[in-house]
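What follows is a short report on a single structure.
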Amino acid sequence: MSETQPTDALTLSGTPRFDDDGLIPAICQDAVDGSVLMLAWMNVDALERTLTTRRAWFWSRSRAELWEKGATSGNALAVHDVRLDCDQDALLVMVSPAGPSCHTGARTCWGDDAGPLLTRLAGTIESRRGADPETSYVARLLGADRSLAASKVAEESAEVLDAVPGSDHQVEEAADVLFHLFALLARDGVDPLRVLDVLAQREGLPPRWLRDDA
Ligand SMILES: [Zn+2]
């Protein structure tokens, strides 16, 4: 992924306000799916290196040294944008992670399942694989017979078009389409979140890191 990263330095609009220890908190967010991945601290050197290398650098308060995220683990953060908050005393770092962001091996420092709604939905669908089809509707959708999931996508899509335009009912049917579309993709062996990757690429972002690729 790094070969396709733009290499020109980023610029920060505004002047960061470092605290009395010369540090500023940096919240790292997945640029594609919106997951909050980790919180770390930057001093002026770490911020400068992050902006020029477009890879995340931090200041370790416990070791009192600069460190590059992923230098030893390989789980680097490619940086797309760095923004200051309204008070100029907190950074938002928009990144593409190359692997788990937490040293525990979890996707985020708040766990694997702390992602935004669509990410959690995909995880919930996957968790039903192998469940008893008698008791799990999702397990039935994921089953060997493709016709159930396929017909539900077609049926729910038609219901979106049949609903009163602009009505709450139309929105509910659209939610049903998304749910069943995710289930159909999962049933077909495709990570439904690859849809986000395609949308992200159309916005000029690289694909989201996929757990399966790690
Ligand atoms: Zn962590």
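Taking the charge dipole of the chain about its Cα centre, with +1 at Lys and Arg Cβ atoms and -1 at Asp and Glu Cβ atoms, the residue from A158, G105, G123 reaching farthest to the positive side is G105.
Modelled spin labels at A175 and V190, positioned 7 Å past Cα toward Cβ, are 2.4 nm from each other.
Using the charge dipole of segment 2-97 (Lys, Arg: +1 at Cβ; Asp, Glu: -1 at Cβ; taken about the Cα centre), state which of L39, T50, G74 has its Cα farthest towards the positive end. Positive-most Cα among the choices belongs to G74.
Could you work out which residue, out of A64, A200, A78, moves most in a Gaussian network model of the chain, that is, has the largest mean-square fluctuation with Cα springs under 10 Å? Result: A64 has the largest fluctuation of those listed.
Taking 41 Å as R0, compute the FRET efficiency from the Cβ-Cβ separation of D8 and S167 and round it to 0.05. E(calc), rounded to 0.05, equals 0.30.
Here the calculated FRET efficiency for E159 and A139, from their Cβ-Cβ distance with R0 = 35 Å, stands at 0.90, rounded to the nearest 0.05. Going by the alpha-carbon gyration tensor, a ≥ b ≥ c the square roots of its eigenvalues, is segment 117-208 rounded (a/c under 1.5) or, if a/c is not under 1.5, prolate (a/b greater than b/c) versus oblate? Cα axes put segment 117-208 in the oblate bin. Annotation for A114 and T72: the two label points, set 7 Å from Cα along the Cα-Cβ direction, are 2.1 nm apart. Please return the longest stretch of the chain lacking exposed loop sites, where trypsin sites (Lys or Arg not before Pro) count only if DSSP places them in a loop and at most 15 other Cβ atoms lie within 10 Å. Counting only loop sites that pass the neighbour cut-off, the longest clear stretch is 130-214. At q = 0.12, 0.21 Å⁻¹, what log₁₀ I(q)/I(0) does a Debye calculation on the Cα points of segment 1-78 give, no solvent, two decimals? Rounded to two decimals, the profile gives -0.34, -1.08. Distance between the modelled labels on T104 and D81, one decimal in nanometres: 3.0 nm (7 Å Cα→Cβ projection).
For segment 117-208, the relative contact order comes to 27 percent (Cα pairs under 8 Å, sequence separation of at least 6). Mean-square fluctuations from a GNM of the chain, with a 10 angstrom spring cutoff on Cα atoms, peak among H169, H180, H80 at H169. For the chain, the extents of the C-alpha atoms along the principal axes are 60, 38, 31 Å, listed from largest to smallest. For the chain, the longest principal axis of the alpha carbon atoms and the long axis of helix 168-187 meet at an angle near 80°. Packing here is the average count of other Cβ atoms within 10 Å per residue, and on that basis the peptides 130-136, 86-92, highest first, run 86-92, 130-136. Using just its DSSP H runs of length 4 or more, each adding -39500 (n - 2.57), the chain gives a mean residue ellipticity at 222 nm of -10500 deg cm²/dmol after division by all residues. Rounded to the nearest 10 degrees, the angle from helix 146-162 to the longest Cα principal axis of the chain is 90 degrees. Take the Cβ atoms of A64 and I27, set R0 to 30 Å, and the FRET efficiency comes out at 0.85.
Every read-out reported here was derived from the displayed coordinates using simple, explicitly stated rules and does not represent laboratory data. Just so it is clear, the model here is predicted, and its values are computed rather than measured. Cβ coordinates were reconstructed from backbone atoms using ideal geometry, including for glycine residues, and neighbour counts include every protein chain displayed.
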